[in-house]
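The values are calculated or read from the model by the stated rules, or taken from the named source; none is laboratory data. Since the model is a prediction, treat every value here as computed from it, not as a measurement. Here Cβ is always computed from backbone atoms with ideal geometry, including for glycine, and neighbour counts include all displayed protein chains. For the accessible areas, the whole protein counts, side chains as well, though only heavy atoms, and no ligand, DNA or RNA atoms are used. Shrake-Rupley method; radii C 1.70, N 1.55, O 1.52, S 1.80 Å.
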Amino acid sequence: MIKDYKTNALKAFNFGQIKDKIPELNLLDCHIETVSFSSPIDSSDMSPRYWVKIAEIIEQRYDDIDGFVVLTGTDTMSYTASAMSFMLENLNKPVIFTGSQLPIGDLRTDAKENLITAIQVAATQENGVGKIREVGLYFEYKLYRANRTTKVSAEQFQAFESPNYPHLGVSGVHLNFNDQWINKTDNNKGLVVRKKFDSNVIILKLFPGINQKMMEHILNFKELEGVILETYGAGNAPTDSWFIQMLKKTVDRNIPVINVTQCSGGSVLMGHYESSVQLKEIGIINGKDITTESALAKLKYLLGVGASYKDFKLKFEYPLRGEMS
């Protein structure tokens, strides 16, 4: 966004004028092309149909462009960037997400540095190929694996963090990459873009006092296809018989239920505490150290590609794009 100083309101930024607004981009040793949605959206309105639009833009120019930078609003950026990591199968080029906490026309904006360095990251090559060959997220001097990120602040410039995976790089006086954590797969297969997502999934966050009627109302949704269950600590949940039986009925309907932790860091360890033993016994899927954002994207992706329920647990608990340990 950019500020209209006559009205003091925010309006959509015309990326055809990007070098006029950020002349520093002319110092970068790369050619920049821009594409914008015809009707810009607020990030709160982001949905899978826009994920597909972004993926199709990358697909259409994949053979002609060395690296991609995707600018979106920060509120749903981790969801979108995580989804993109699953959609872009056999990705062998950098796709870097970034944005800003303050609009580009604001006096103290973080947009310029984030955009300039994100482009520099996407343009960095090694032995004739991109240094980064995965979906990344750059924000406030740090480069992350996108599907490991979560937004942690609505106010600070350091809005994102990757609680369970190290940074892929850090920008200071020099741009330094952490080679040991970067995906080194040199995938010679052609890019495959997965565009089908199942939208009939929910995130169910446990809280003290959740009751049977609430659960019944949610889990008896006729078109329900998948559940992300946000549990306590290392994957713990109530041991009441009605609670376990309700989840078992859901699993028996061949609806995958994924156990992820509400904690910002750490991993689900089902069976480690007595309060999660029964979850393991009835077939709840172990989300390990995946983020909720990435779990949602992965669930939608696996349902969309038609993964059979028989194989679903194995495929979800195995890292497909480096999204879990």
What number of residues in region 288-298 are touching a helix residue (DSSP H, G or I) at 6+ places or on another chain (Cβ under 7 Å) and either of a type in the set (D, E, K, R) or farther than 17 Å from Ala146 by Cα (or both)? 2
For region 19-26, state whether one or more residues are in contact (Cβ under 8 Å) with a residue 24 or more places away in the chain, more than 30 Å from Pro319 (Cβ to Cβ) and β-branched (Val, Ile, Thr). yes
Number of positions in region 179-208 that are at pLDDT below 95, open to solvent by less than 80 Å² (accessible area, probe 1.4 Å) and farther than 21 Å from Ile57 by Cβ: 5
Across region 154-165, what is the number of residues that are more than 16 Å from the chain's Cα centre (by Cα) and either small (Gly, Ala, Ser) or surrounded by 12 or more Cβ atoms within 10 Å (Cβ to Cβ) (or both)? 3
Restricting region 99-140 to residues that are open to solvent by less than 40 Å² (accessible area, probe 1.4 Å), more than 22 Å from the chain's Cα centre (by Cα) and without any contact (Cβ under 8 Å) to a residue 60 or more places away in the chain, the residue that is nearest to Ser85 (Cα to Cα): Thr124
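Rundown of residues vs (1) in contact with a Leu (Cβ under 9 Å, 6 or more places away or on another chain); (2) touching a residue at least 24 places away in the same chain (Cβ under 8 Å); (3) more than 10 Å from Asn236 (Cα to Cα), yes/no style:
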residue: Met270; (1), (2), (3): yes, yes, no
residue: Ser276; (1), (2), (3): yes, yes, no
residue: Lys280; (1), (2), (3): no, no, yes
residue: Ser294; (1), (2), (3): no, yes, yes
residue: Leu303; (1), (2), (3): no, yes, yes
Checked region 5-22 for anything over 17 Å from Gln101 (Cα atoms) and not in a loop (DSSP other than H, G, I, E, B); matches are Phe15, Gly16, Gln17, Ile18, Lys19, Asp20, Lys21
Is it true that some residue in region 32-39 is free of Cβ contacts under 8 Å to residues at least 60 places away in the same chain, surrounded by 12 or more Cβ atoms within 10 Å (Cβ to Cβ) and either in a helix (DSSP H, G or I) or in contact with an Asp or Glu (Cβ under 7 Å, 6 or more places away or on another chain) (or both)? no
Do we find that Gln278 is open to solvent by 30 Å² or more (accessible area, probe 1.4 Å), among the polar types (S, T, N, Q) and modelled with pLDDT of 95 or more in this structure? no
